[in-house]
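Q: Here you go, one structure.
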Amino acid sequence: RKHCMEAGYPCLAKISRGTVSKILQKSNIRPHKVTYYLERRDPAFDQKMVQVLHVYKEVELIRENDKEQPSMTVISYDEKPGIQAISTVAPDLPPTAGKYSCVARDYEYKRHGTVSLLAGIDLFTGHIHGIVEDRHRSREFIKFLKLLDKAYPEDIMIRIILDNHSAHISRETRKYLASVPNRFELIFTPKHGSWLNIIECLFAKMAKTFLRAIRVDS
C-alpha cells in the first residue's frame, strides 16, 4: 500500500489488473516466471572438470597419433530414465494432398509404463553400448559393467566417465568392482556438471528426434 501511495496509485484493494501489470512492468518484476539458481556447488568443480577434459584431450591425441588399439578405452556413460512407452489407439494417417500436410495422429494414446536406457559411447570407436531396463539401480548398473567387461579383451582398462548417481558408488557396485581389480576406472563429473559428459549429446539428439514421436506396442 505504501508503495502504491508513493507511486500515485490507489490502494491495492481497488486497483485494476491493468494497473498492477503496469506497476510490475515498471519495476521489472515478473512473478509469473521462475528462474533457477544453485545453492550447493561442488567445491571441487574445477578440479573434476579439468580431469574430465584431460581424458577427452588424451583420447583426441591417441586417435591422432596411434594407429593401433590402445591398452585402454574410454566410455562416456549415463542413464536416460523415464522414457515413455506409448501406443496409439487409432492408426496414423499418412500425408494426403489437400487434406493432411504431415502424418495425422489421434490425440488419444495408451500408456505402457516407462523404461530407462543405460548407455555408453566408446570415444575411440563411436560404438554405443546400451541396455534397456525398467529401472536404473545398482544391479542394472552392474549389469551394464558386465556387458562392457564381455565386450573388451581382458588386458584392456575400461575408463568410464559418469555422474555421481548413488548407483555408481553404492556398496553393491563397489563390491563388484573389487571382484574385477584393475578392470575399471571411474571418472566422475562434478556435481551439477553432467553437461560435461558427451553421452548427454546423444540423449538430447534422441529426445529431439525419434523419442519425441515414437509409438510402441508394449
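Q: At most 15 other C-beta atoms within 10 Å and a DSSP loop state: those are the exposed chymotrypsin sites (Phe, Trp or Tyr not before Pro) I care about. Give me the longest piece of the chain that has none. It would help to have the intermediate numbers written out before the result.
A: Working: sites that count: TYR36, TYR37, TYR107.
Free of exposed loop sites, the longest segment is 108-218.
Q: Give me the number: length gained by fully extending ASN182 to SER218, i.e. 0.36 nm times residue separation minus the C-alpha to C-alpha distance, one decimal in nm. Please list the in-between numbers first.
A: Working: separation 36, 0.36 × 36 = 12.96 nm, distance 4.01 nm.
Gain on stretching ASN182 to SER218: 9.0 nm.
Q: Something else now. If you take the C-alpha gyration tensor of the chain, multiply each eigenvalue by 5 and take the square root, what semi-axes do you get, largest first, in whole Å?
A: Numbers: eigenvalues 411, 178, 65 Å².
After diagonalising the Cα gyration tensor, the semi-axes are 45, 30, 18 Å.
Q: Solvent-accessible area of ARG63, probe 1.4 Å, all protein chains present, reported in Å² to the nearest ten, please.
A: We get 150 Å² for ARG63.
Q: Where nothing but the Cβ of Lys and Arg (+1) and of Asp and Glu (-1) is charged, how large is the charge dipole of the chain around its Cα centre, in debye to the nearest 20?
A: On the way: 35 positive and 26 negative charges, 334 e Å.
Magnitude of the dipole: close to 1600 debye.
Q: Further question: Tally up the carbon and sulfur contribution to the accessible surface of the chain as a whole percent, 1.4 Å probe, everything protein left in place. Could the numbers behind the result be given before it?
A: Working: 8190 of 15380 Å².
Answer for the chain: carbon and sulfur cover 53 percent of the accessible area.
Q: Over the chain, with the other protein chains present, what is the accessible area per residue in square angstrom, probe 1.4 angstrom? Mind dumping the intermediate values first?
A: On the way: 15380 Å² over 218 residues.
With the other protein chains kept in place, the chain gives 71 Å² per residue.
Q: Could you tell me the calculated FRET efficiency between ARG41 and LYS205, based on Cβ-Cβ distance and R0 = 30 angstrom, to the nearest 0.05? Let's see the in-between values first.
A: Details: r = 29 Å, r/R0 = 0.95.
For ARG41 and LYS205, the calculated efficiency is 0.55.
Q: Beyond a 20 Å Cα-Cα separation, which of these cross-linked pairs lie in this structure: LYS57/LYS146; LYS150/LYS191; LYS146/LYS175; LYS80/LYS191; LYS48/LYS191; LYS146/LYS208? Don't skip to the end; give the middle numbers.
A: On the way: LYS57/LYS146 27 Å; LYS150/LYS191 30 Å; LYS146/LYS175 13 Å; LYS80/LYS191 17 Å; LYS48/LYS191 9 Å; LYS146/LYS208 30 Å.
From LYS57/LYS146; LYS150/LYS191; LYS146/LYS175; LYS80/LYS191; LYS48/LYS191; LYS146/LYS208, over 20 Å: LYS57/LYS146; LYS150/LYS191; LYS146/LYS208.
Q: Using +1 on the beta carbon of Lys and Arg, -1 on that of Asp and Glu, and nothing else charged, what's the dipole of the range 88-194 about the Cα centre, debye to 20?
A: Values: 16 positive and 13 negative charges, 71 e Å.
With Lys and Arg at +1 and Asp and Glu at -1, about 340 debye.
Q: Here's a follow-up. For a quick check of your reading of the filter: which GluC sites (Glu not before Pro) in the range 122-218 sit in a DSSP loop and have no more than 12 other Cβ atoms within 10 Å? Mind dumping the intermediate values first?
A: Details: sites: GLU133, GLU140, GLU154, GLU172, GLU185, GLU200; in loops: GLU154.
The qualifying sites are GLU154.
The values are calculated or read from the model by the stated rules, or taken from the named source; none is laboratory data. Here the structure is a predicted model, which means the values were calculated and not measured. Here Cβ is always computed from backbone atoms with ideal geometry, including for glycine, and neighbour counts include all displayed protein chains. For the accessible areas, the whole protein counts, side chains as well, though only heavy atoms, and no ligand, DNA or RNA atoms are used. Shrake-Rupley method; radii C 1.70, N 1.55, O 1.52, S 1.80 Å.
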